[in-house]
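Take a look at the structure set out below.
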Amino acid sequence: AVYQIRSIAKRVDFLSIGSNDLTQYLFAVDRNNVRVSYLYKALHPAILLVLMEICEAGKNAKIPVHICGEIAGNPLATIVLLAMGVNCLSMSTHAIPLVRKVIQKFRMSDSEKILAKTLSYESTGEVREYLTSVLAERGLADLINPGHH
């Protein structure tokens, strides 16, 4: 579906991304299997590029893009997802206040620059380090959970 997203977007009213499954499928890894779960990286550059492709297809087709899964409630990913053009973030209730704090500290013009820089990185570690520094600069270091992937 990712490779045909532009064709799909022409025929639907919205796009909805299940980020957990998408990540598992792209990396061929079960995040619940302790032997391979360390390979599950929601902020991996490949995942971010796929999400960007889906969002661009939504924009081109003038339809909303929704996302659910761990990444939707991850404060490190919030600004990047919104800059990509995600219209709706579906998350667990405990993540709502964290994501709201992030949204309140940024302007869309900031987010576009952050997205461009984020997409330039080649590893999950670089992405996490950069986004962590971005949040810390805004006084949001307390929102960063090292357990997120």
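The GNM of the chain, with springs linking C-alpha atoms under 10 angstrom apart, assigns the highest mean-square fluctuation among Asn74, Asn60, Asn33 to Asn33. Prolate is the label for region 7-75. Its Cα gyration tensor axes, ordered a ≥ b ≥ c, give a/c of at least 1.5 and a/b above b/c. Placing a label point 7 Å from the Cα of Ile63 along the Cα-to-Cβ direction, the residues of region 1-33 whose backbone N falls under 16 Å from that point are 1-18. Counting only Cβ charges, +1 for Lys and Arg and -1 for Asp and Glu, the dipole size of the chain around its Cα centre is about 320 debye.
Extension gain for Phe27 to Gln4 (0.36 nm times residue separation, less C-alpha to C-alpha distance): 6.4 nm. Taking a ≥ b ≥ c as the square roots of the eigenvalues of the Cα gyration tensor, region 13-149 is rounded, since a/c falls below 1.5.
Calculated mean residue ellipticity, 222 nm, the chain: -15500 deg cm²/dmol, from DSSP H runs (n ≥ 4) at -39500 (n - 2.57) each, averaged per residue and rounded to 500.
Taken as entire DSSP H runs, the helices of the chain never both span 30 Å or more between Cα atoms along their own long axis and average -1.0 or more on the Kyte-Doolittle scale. For Lys105, the aspartates and glutamates whose Cα falls under 16 Å of its own Cα, not counting residues fewer than eight places away in the same chain, are Glu137, Asp142.
Of the residues Met108, Met84, ranked by 1.4 Å probe accessible area with the largest first, the sequence reads Met108, Met84.
Under the shape rule built on the C-alpha gyration tensor, where the axes satisfy a ≥ b ≥ c, region 80-149 is rounded, since a/c falls short of 1.5.
Rolling a 1.4 Å probe over the protein heavy atoms leaves Asp142 with an accessible area of roughly 110 Å². Among Ala57, Ala116, Ala83, the residue with the largest mean-square fluctuation in a Gaussian network model of the chain, with springs joining Cα atoms closer than 10 Å, is Ala116. Considering only alpha-carbon pairs that sit under 8 angstrom and 6 or more positions apart, the relative contact order computed for region 51-106 is 38 percent. Residues Val50, Val65 ordered from highest to lowest accessible area at a 1.4 Å probe: Val50, Val65. Ligands, DNA and RNA aside, His66 has an accessible area near 60 Å² when probed at 1.4 Å.
Here the accessible area is traced with a 1.4 Å probe on the protein chains. For the chain, carbon and sulfur cover 53 percent of it. Can you find, among Ala46, Thr118, His66, the residue farthest towards the positive end of the dipole of the chain? Put +1 on the C-beta of Lys and Arg, -1 on that of Asp and Glu. Sorting the options by dipole projection puts first His66. At a threshold of 8 angstrom on Cα-Cα distance, excluding pairs fewer than six apart, so keeping six or more, what relative contact order does region 1-140 reach in percent? Here the relative contact order equals 25 percent. Taking every protein chain into account, the 1.4 Å probe leaves Thr132 with about 40 Å² of accessible area, to the nearest ten.
The values are calculated or read from the model by the stated rules, or taken from the named source; none is laboratory data. All figures in this text were calculated on a predicted structure; none of them were measured in a lab. Quick reminder, even Gly has a Cβ in these numbers, built from the backbone with ideal geometry, and neighbours come from all protein chains shown. For accessibility, only protein heavy atoms count, side chains too; no ligands or nucleic acids. Shrake-Rupley method; radii C 1.70, N 1.55, O 1.52, S 1.80 Å.
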